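First up is the structure itself, then whatever we jot down about it.
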Amino acid sequence: MSDTRPAAKLIDGKRISSEVRAEWKVRADRLCALVATPGLTVIMVGENPASGLYVRNKLRACEEMGIRSELRLYPADTPEQTVLESIRALNADPTCHGILVQLPLPPQISVRHALEAISPDKDVDGFHLYNVGGLITGETVFPPCTPYGVMMLLDRTGIPVTGQNVTIVGASNIVGKPMGLMFLQREATVAICHVKTRDLTQYTIAADILVVAAGQPNLVTGPMVRTGAVVIDVGINRLPDGSLIGDVDFDSVSRKASYITPVPGGVGPMTVTMLLCNTVAAAERSYAQLKAA
Ligand code: GUN
């Protein structure tokens, strides 16, 4: 007998991303008209092909938003000191509002040294310890882009967060851990699972909102999901045939969930969008501080 249960509603990341970009473009245009063009500088060391693709997407998105963007591309054998000096010069440059150091970095450059060299006022990736620490108190200046994008998807879809049981699968510094703190700030009850978690299903089945960011194709399947849950798939995995799939088995989970994000076209477009928002916000803060001085 065929399954007649309705499939979950799709959370359309492309549409929401376009809406958010249109709203923030108004703010970027206002800054351009009143004071100066918001500016983002991306530092990339070496030519990792995946990083190259991400960076090109970010630069193109900046152009569409009216953000002035600059790529500083260094050879893979560049000494750490050269990169740190470049970051410090950008910290002092009033035309640069956001600095992004593309990861990964070659082994001679410490990620910690590079990220901590960025002024927290220009840390539009939200990776500096100051901004990471702000997540604990709810005062971060620039939330990290992917968790910020997930929160935006939920809010714009009208999905309540307060008081909900949230399970996050994956405890990375970039997604899982900051995502957990952002949900906690919104008064959700949070469980963060990771590779050492015993009986993953015990946690996933309890979730009203399930966020999966584990980097493992089809890790979460229908029987692991509560009927009516909201499922957010942060995973982007490329199969040998070139197609993209998430960390969630879409077919079986979409029969149980009330809402689900597709891959591609769910969380992915939001990450770059929130980087643009953080860059415009950094420029707005910079001019507000100048005016107050
Ligand atoms: N490498 C992969 N994802 C990211 C990201 O979001 N920011 C930076 N800086 N590097 C990355």
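Looking only at segment 119-149, which residues are within 13 Å of the ligand (Cβ to nearest atom) and open to solvent by 30 Å² or more (accessible area, probe 1.4 Å)? Listed by number, the residues that qualify are F127, Y148. Of all residues in segment 163-189, how many are closer than 20 Å to T261 by Cα, of a type in the set (V, I, T) and open to solvent by 50 Å² or more (accessible area, probe 1.4 Å)? Residues flagged as closer than 20 Å to T261 by Cα, of a type in the set (V, I, T) and open to solvent by 50 Å² or more (accessible area, probe 1.4 Å) within segment 163-189 amount to 1.
More than 16 Å from the ligand (Cβ to nearest atom), open to solvent by less than 50 Å² (accessible area, probe 1.4 Å) and over 19 Å from the mean Cα position of the chain (by Cα), is that true of T78? Show your work before the answer.
Numbers: more than 16 Å from the ligand (Cβ to nearest atom): yes; open to solvent by less than 50 Å² (accessible area, probe 1.4 Å): yes; over 19 Å from the mean Cα position of the chain (by Cα): yes.
Yes: the conditions hold for T78.
Evaluated against (1) more than 19 Å from I109 (Cβ to Cβ); (2) surrounded by fewer than 17 Cβ atoms within 10 Å (Cβ to Cβ), L73 falls short on exactly one condition, (1).
Evaluate segment 123-133: report whether one residue or more is under 25 Å from P269 (Cα atoms) and not in a loop (DSSP other than H, G, I, E, B).
Yes; the residues of segment 123-133 include at least one that is under 25 Å from P269 (Cα atoms) and not in a loop (DSSP other than H, G, I, E, B).
Looking at A7, A28, A61, which one is hydrophobic (A, V, I, L, M, F, W, C), touching a residue at least 60 places away in the same chain (Cβ under 8 Å) and open to solvent by 70 Å² or more (accessible area, probe 1.4 Å)? Write out each step before concluding.
On the way: A28 fails: open to solvent by 70 Å² or more (accessible area, probe 1.4 Å); A61 fails: open to solvent by 70 Å² or more (accessible area, probe 1.4 Å).
Unique residue meeting the criteria: A7.
Determine whether L73 is in a strand (DSSP E or B) and hydrophobic (A, V, I, L, M, F, W, C). Reasoning before the result, please.
Details: in a strand (DSSP E or B): yes; hydrophobic (A, V, I, L, M, F, W, C): yes.
Here the answer is yes, as L73 does meet what is asked.
Summed over segment 150-177, the residues that are in contact with a Gly (Cβ under 8 Å, 6 or more places away or on another chain) and within 15 Å of the ligand (Cβ to nearest atom) give a count of 2.
Within segment 109-134, residues that are in contact (Cβ under 8 Å) with a residue 60 or more places away in the chain and of a type in the set (D, E) have Cβ atoms under 6 Å from residues that are near the ligand (Cβ under 10 Å from one of its atoms) and open to solvent by less than 60 Å² (accessible area, probe 1.4 Å) in these pairs: D125/L100, counting only partners at least 6 apart in sequence or on another chain.
Only one residue in V45, V35, V20, V55 is within 16 Å of the chain's Cα centre (by Cα), within 30 Å of A92 (Cβ to Cβ) and touching a residue at least 24 places away in the same chain (Cβ under 8 Å), so which one is that? Don't jump to the end; show me each part of the working.
Values: V45 fails: within 16 Å of the chain's Cα centre (by Cα); V35 fails: within 16 Å of the chain's Cα centre (by Cα); V20 fails: within 30 Å of A92 (Cβ to Cβ).
When all the criteria are applied, what remains is V55.
When I192 is evaluated against the numbered criteria (1) open to solvent by 20 Å² or more (accessible area, probe 1.4 Å); (2) within 14 Å of the ligand (Cβ to nearest atom); (3) outside any helix (DSSP H, G or I), which criterion, by number, is the only one it fails? It fails just one condition, (2). Can you find a residue in segment 95-112 that is assigned to a helix (DSSP H, G or I) and away from the ligand (no atom under 14 Å from the Cβ)? No, every residue in segment 95-112 fails to be assigned to a helix (DSSP H, G or I) and away from the ligand (no atom under 14 Å from the Cβ).
The values are calculated or read from the model by the stated rules, or taken from the named source; none is laboratory data. All of these numbers come straight from a predicted model, not from anything done at the bench. Reconstructed Cβ throughout: ideal geometry from the backbone, glycine too, with neighbour counts over all protein chains shown. Each accessible area value is taken on the protein alone, full model and side chains, heavy atoms only, with ligands, DNA and RNA left out. Shrake-Rupley method; radii C 1.70, N 1.55, O 1.52, S 1.80 Å.
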